[in-house]
Amino acid sequence: MSTPTAVIIGVGPGLGMSMARRFGREGYRVALVSRSADRHPAYLADLSSHGIDATAHAADVTDADRLTAALSEIASGGDIEFAYYGPGPTQPIVPITDIDVEIAQSAFDWVWPAVRVVGSVLPGMLDRRAGGLMFAGGLSSVRPMPMLGQLVLPVAALRNYALTLHAALADRDVYAGTLTIGGLVERGDIHAMVTSDPAKFGAAEGHTLNPDDLADTAWEMYRTRDRAEQVFDMLGS
């Protein structure tokens, strides 16, 4: 049997790399996908130091052709048994009271790639009756957070997509779940930005999450399949 592959889409130095290490530690071959290859050598060196077999692929998730090609490249090296979708929205925030239809529609450019990933990897998982899908979303999907403007729309949609996939796949031996994250993920790019200028962004203390803990939870959710969602809230009510 070939070594199963875990694809980490939207990998960054925080949660993405923690997910890669966690699944690599469980014996998975890891395939990293991010829009720039600049960090890939360091990521691969890190995983190699942990004894993890890994490859890296440059693809902007909003580039449908390149994303599809990257997934095909990865699948050619072994069955994709697990896919994690974790890129964050990159659009500038527009106040929710000021958005129009065009702005609202463009916000969903973050969701369509998730659907594309599922369309690429799920058929094989169903054929093998094995595998899993994991998504990372935000707390605005369960709590009103007006400061995030139009970005609350796709976050809510992605959460509902993950939960509905979970229900649809429950008796087909394929798992789907979501991490609903409210807090600054340590070692991540947003955490670095906020902590570099506390006068502008406020103090991060008490509002951070260890990405290794999140990755451990993701693995346990996939292993036990006892729940579709885990909410991490370091922001308070």
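Given the criterion at pLDDT 95 or above, surrounded by 17 or more Cβ atoms within 10 Å (Cβ to Cβ) and of a type in the set (Lys, Arg), identify the matching residue among 227, 159, 223.
That would be 159, the only listed residue that is at pLDDT 95 or above, surrounded by 17 or more Cβ atoms within 10 Å (Cβ to Cβ) and of a type in the set (Lys, Arg).
Given the structure, is residue 55 at pLDDT 95 or above and either more than 19 Å from the chain's Cα centre (by Cα) or closer than 21 Å to residue 15 by Cα (or both)?
It is true that residue 55 is at pLDDT 95 or above and either more than 19 Å from the chain's Cα centre (by Cα) or closer than 21 Å to residue 15 by Cα (or both).
Of the numbered conditions (1) over 21 Å from residue 9 (Cα atoms); (2) open to solvent by 60 Å² or more (accessible area, probe 1.4 Å), residue 42 fails exactly one; give the number of that condition.
(1)
Would a scan of the stretch 198-205 turn up a residue that is at pLDDT 95 or above and either closer than 19 Å to residue 85 by Cβ or in contact with a Leu (Cβ under 8 Å, 6 or more places away or on another chain) (or both)?
No, there is no match, as no residue in the stretch 198-205 is at pLDDT 95 or above and either closer than 19 Å to residue 85 by Cβ or in contact with a Leu (Cβ under 8 Å, 6 or more places away or on another chain) (or both).
From 151, 165, which residue is buried (at least 18 other Cβ atoms within 10 Å of the Cβ) and more than 28 Å from residue 2 (Cα to Cα)?
Being buried (at least 18 other Cβ atoms within 10 Å of the Cβ) and more than 28 Å from residue 2 (Cα to Cα) holds for just one of 151, 165, which is 151.
Results for (1) open to solvent by 30 Å² or more (accessible area, probe 1.4 Å); (2) in contact (Cβ under 8 Å) with a residue 12 or more places away in the chain, shown as yes or no for each residue.
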| position | (1), (2) |
| --- | --- |
| 17 | no, yes |
| 21 | yes, yes |
| 27 | yes, yes |
| 34 | no, yes |
| 38 | yes, no |
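Any residue that is within 24 Å of residue 216 (Cβ to Cβ), without any contact (Cβ under 8 Å) to a residue 60 or more places away in the chain and buried (at least 17 other Cβ atoms within 10 Å of the Cβ) - is there at least one of those in the stretch 105-117?
yes
Which residue is surrounded by the most Cβ atoms within 10 Å (Cβ to Cβ), if the candidates are limited to the stretch 136-148 and must be assigned to a helix (DSSP H, G or I) and without any contact (Cβ under 8 Å) to a residue 40 or more places away in the chain?
Across the stretch 136-148, the extreme among qualifying residues is 141.
The values are calculated or read from the model by the stated rules, or taken from the named source; none is laboratory data. Keep in mind the model is a prediction, meaning the values are calculated, not measured. Note that we place each Cβ from the backbone using ideal geometry, even for glycine, and neighbour counts take in every protein chain shown. All accessible areas refer to the heavy atoms of the entire protein, side chains included, with ligands and DNA or RNA removed. Shrake-Rupley method; radii C 1.70, N 1.55, O 1.52, S 1.80 Å.
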